[in-house]
Amino acid sequence: MRRFRILFALVVFCAVSASFLDVYQSLSDSWFGASPIAWQFSPSFLKLCMTGSLVAGAAFIVFTLLALLCGRAYCSFVCPFGILMDGFHFIAKWPSKISFLKKTKFGRLCATRFARLRFRPARNGLRYGL
């Protein structure tokens with residue numbers, strides 16, 4: 001399941017990046033009609049509010065239900081910012097896994113600071129407020 005999540009996240013991140021990096025507008029109009037940016041949480045919510053159609057806001061409804069049922073599934077599968085944060089976390093803990101960097105001060109710092117996530121109590125008031 002982990003490999004599938006990483007592969008799916010890379011495909012989504014590359015597709016979203018292609019939309020943003022298309023400065024010469026070489027992608028066709030059909031790409032932007034069905035682009036992964038339209039599937040994101042906020043654009044699909046705005047489409048739902050503007051049209052009032054459940055079909056137009058289907059992505060918003062699906063992602064809201066997934067977030068309520070599975071928690072962080074949206075962030076690790078579809079959200080470009082969540083995928084980017086997972087990538088930065090992987091890069092940050094990488095020096096603690098390389099054999100010749102493991103014993104250096106930098107490798108130990110990466111191992112203590114980035115290799116494991118610390119438990120923090122849930123802030124339910126903030127979560128429900130947002």
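The values are calculated or read from the model by the stated rules, or taken from the named source; none is laboratory data. Everything quoted here is computed from the prediction, not taken from an experiment. Ideal geometry is used to build each Cβ from the backbone, glycine not excepted, and the neighbour counts take in all protein chains shown. Accessible surface areas use protein heavy atoms only, side chains included; no ligands, DNA or RNA. Shrake-Rupley method; radii C 1.70, N 1.55, O 1.52, S 1.80 Å.
Tabulated data for the structure shown
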read-out: Odd one out for residue 113 among (1) of a type outside the set (Gly, Ala, Ser); (2) touching a helix residue (DSSP H, G or I) at 6+ places or on another chain (Cβ under 7 Å); (3) more than 17 Å from residue 2 (Cα to Cα); value: (2)
read-out: Residue identified as touching a residue at least 24 places away in the same chain (Cβ under 8 Å) and either open to solvent by less than 50 Å² (accessible area, probe 1.4 Å) or closer than 25 Å to residue 128 by Cα (or both) among 98, 83, 61; value: 83
read-out: Cross-chain or 6+ apart pairs with Cβ under 9 Å, segment 43-55 first and closer than 21 Å to residue 80 by Cα and open to solvent by less than 100 Å² (accessible area, probe 1.4 Å), then hydroxyl-bearing (Ser, Thr, Tyr) and not in a helix (DSSP H, G or I); value: 47/53
read-out: Residue count, segment 1-25 (criterion: open to solvent by 100 Å² or more (accessible area, probe 1.4 Å) and either at pLDDT below 80 or of a type in the set (D, E, K, R) (or both)); value: 8
read-out: Unique match (being hydrophobic (A, V, I, L, M, F, W, C), at pLDDT below 80, closer than 21 Å to residue 12 by Cα and part of a helix (DSSP H, G or I)) among 31, 39, 94; value: 31
read-out: Subset of segment 43-63 that is outside any helix (DSSP H, G or I) and of a type outside the set (Gly, Ala, Ser) - its residue that is nearest to residue 7 (Cα to Cα); value: 55
read-out: Residues being part of a helix (DSSP H, G or I) and surrounded by 14 or more Cβ atoms within 10 Å (Cβ to Cβ) - total across segment 64-80; value: 9
